[in-house]
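The block underneath contains the structure these notes are about, expressed in structure tokens.
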Amino acid sequence: MKLFTKVAIVGTGLIGGSIGLSIKKIGLARQVVGVSRHKESLFIAKKMRAIDAGSQSLEIIKGADLLLLATPVELISKLALQISKLVSKDCLVSDVGSTKQEITSGLDKIFPNFVGAHPMAGSEKRGIANASADLFNGSLCIITPTKKTNKAALGQLKLFWRELGARVVLLDPQSHDKILGFTSHLPHAAAFALMNTLPRQFMKFSAGGLRDMTRIAASDSRLWSGIFLSNRKNILPAIALLQKNLSALVSAVKNKDRKLLGEILKQAKIKRGSLIGTQKSLVF
């Protein structure tokens, strides 16, 4: 089922490349074009058949009826005005940024059919070489409409992500950033900090627990610097609460308070046990 004539993806990395591969696999568009600052990324994307054509120039996006912005978050708003001169007012415009309030408040004013989105898929790996047509199967995609959002555009984007295999849930941009500040951005911050705490000479003695907990510390530093700064309003209180809980743990150990320590660990275990069930209870 072809939903679009021409899909343009600005940013042919892991997420943008995976979107292209998925569109091509399912046959959702007649043509997929990509934009990247790097020739090598475009070469690989075309070789992998994630795109039909690619360019380092934004001119290639002309005529698109779906435009997806898959660049780091700090570039999305910067490119918006330039892009708005190249696409029609009828073009459905969306992004895949991990923060939404800052992006949405700007792009809502520029594109009549802008609808923000955050596909919660990917890995600590980066680049088109790690892209997969099945990346979004069974994943969660949060779509963030506002009062200005065109209902037809919203419906079209929901259908698009469902066709790519994602489960769709709607959140306003503010709620998205507050929630993801805790469930996504805080874990990354904790993983980065934990790795910086670990003495290098001890690393050869690490086991599965450390590797599991710090896997995401291998994520792209430039990408996550942008995310932290874009969502600083929410990430800072989340980090402060983590520090408070670490302080409670320190106090219990320092005072040899076995009862309090047991309660702290027990509550964490109970909460961890309900994590999967909580995810499945979302209404899509």
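Here, each number is a calculation from the coordinates, and none is a lab measurement. Source: prediction; values computed, not measured. Glycine also receives a Cβ, built like all others from the backbone with ideal geometry; neighbour counts cover every protein chain displayed.
Given Cβ point charges of +1 (Lys, Arg) and -1 (Asp, Glu) and nothing else, what value in debye, to the nearest 20, does the dipole of the chain about its Cα centre take?
Values: 42 positive and 18 negative charges, 120 e Å.
Roughly 580 debye, rounded to the nearest 20.
List the residues, sorted by chain then number, that are 5 or more residues from residue 167 or on another chain and whose placed amide H is less than 5 Å from its amide H.
For residue 167, the qualifying residues are 138, 139, 140, 141.
Got a sec? How would 157, 236 order by Cβ neighbour count within 10 Å, fewest to most?
On the way: 157 26, 236 13.
Ascending number of Cβ neighbours within 10 Å: 236, 157.
Please name whichever of 3, 77, 96 sits farthest to the positive end of the charge dipole of the stretch 1-102, dipole taken about the Cα centre and charges placed at Cβ: Lys and Arg +1, Asp and Glu -1.
Value computed over the given set: 3.
Using r as the Cβ-Cβ distance of residue 88 and residue 38, and R0 as 30 Å, what FRET efficiency do you calculate, to the nearest 0.05?
Working: r = 28 Å, r/R0 = 0.92.
It comes to 0.60.
Could you tell me which of the pairs 204/271; 100/158; 6/46; 125/271; 39/89 are separated by over 23 angstrom between their Cα atoms in the structure shown? Could you put the intermediate results ahead of the total?
Working: 204/271 31 Å; 100/158 17 Å; 6/46 16 Å; 125/271 28 Å; 39/89 29 Å.
Violating the 23 Å limit, Cα to Cα: 204/271; 125/271; 39/89.
With angles folded into 0 to 90 degrees, how steeply does helix 232-254 sit against the dominant principal axis of the chain? Use alpha carbons for both and round to 10.
That works out to roughly 20 degrees.
Please arrange 176, 188 by counting, for each residue, the other beta carbons lying within 10 Å of its beta carbon, fewest first.
Numbers: 176 25, 188 19.
The fewest-first ordering by Cβ neighbours comes to 188, 176.
With an 8 Å Cα cut-off and a minimum separation of 6 or more residues, compute the relative contact order for the stretch 4-171 in percent.
Values: 363 pairs, mean separation 38.9, N = 168.
For the stretch 4-171, the relative contact order is 23 percent.
Spelling out what I want: for every residue of the stretch 203-219, take phi, set θ = phi - 60°, compute 6.51 cos²θ - 1.76 cosθ + 1.60 (Karplus), and round to whole Hz; glycine and proline get x.
For the stretch 203-219, the Karplus-derived couplings read 4, 5, 9, 6, 10, x, x, 5, 5, 5, 6, 10, 3, 6, 5, 7, 5 Hz, x marking Gly and Pro.
Loop-only check: which trypsin sites (Lys or Arg not before Pro) in the stretch 246-275 are DSSP coil with at most 14 other Cβ within 10 angstrom?
On the way: sites: 254, 256, 258, 259, 266, 269, 271, 272; in loops: 256.
When the trypsin sites (Lys or Arg not before Pro) of the stretch 246-275 are filtered for loop state and at most 14 Cβ neighbours within 10 Å, 256 remain.
Okay, helix-only estimate at 222 nm for the chain: each DSSP H run of n ≥ 4 adds -39500 (n - 2.57), divide by all residues, round to 500 deg cm²/dmol; what do you get? Please list the in-between numbers first.
Working: 12 runs with 136 residues, N = 284.
Roughly -14500 deg cm²/dmol at 222 nm, from the helical runs in the chain.
For the chain, what is the percent of antiparallel DSSP beta bridges, rounded to the nearest 5? Numbers along the way, then the final one.
On the way: 5 of 28 bridges.
Counting only bridges with both partners in the chain, antiparallel ones make up about 20 percent.
Taking the Cα of residue 49, stepping 7 Å toward and past its beta carbon, and measuring to each backbone N in the stretch 3-40: which are under 16 Å?
Only 18-33 pass the distance filter.
Output the 0 to 90 degree angle, nearest 10, between the alpha-carbon long axis of helix 186-197 and the longest principal axis computed from the alpha carbons of the chain.
Value to nearest ten degrees: 60.
Please report 185, 38 as a ranked list, fewest other C-beta atoms within 10 angstrom at the top and most at the bottom.
38, 185
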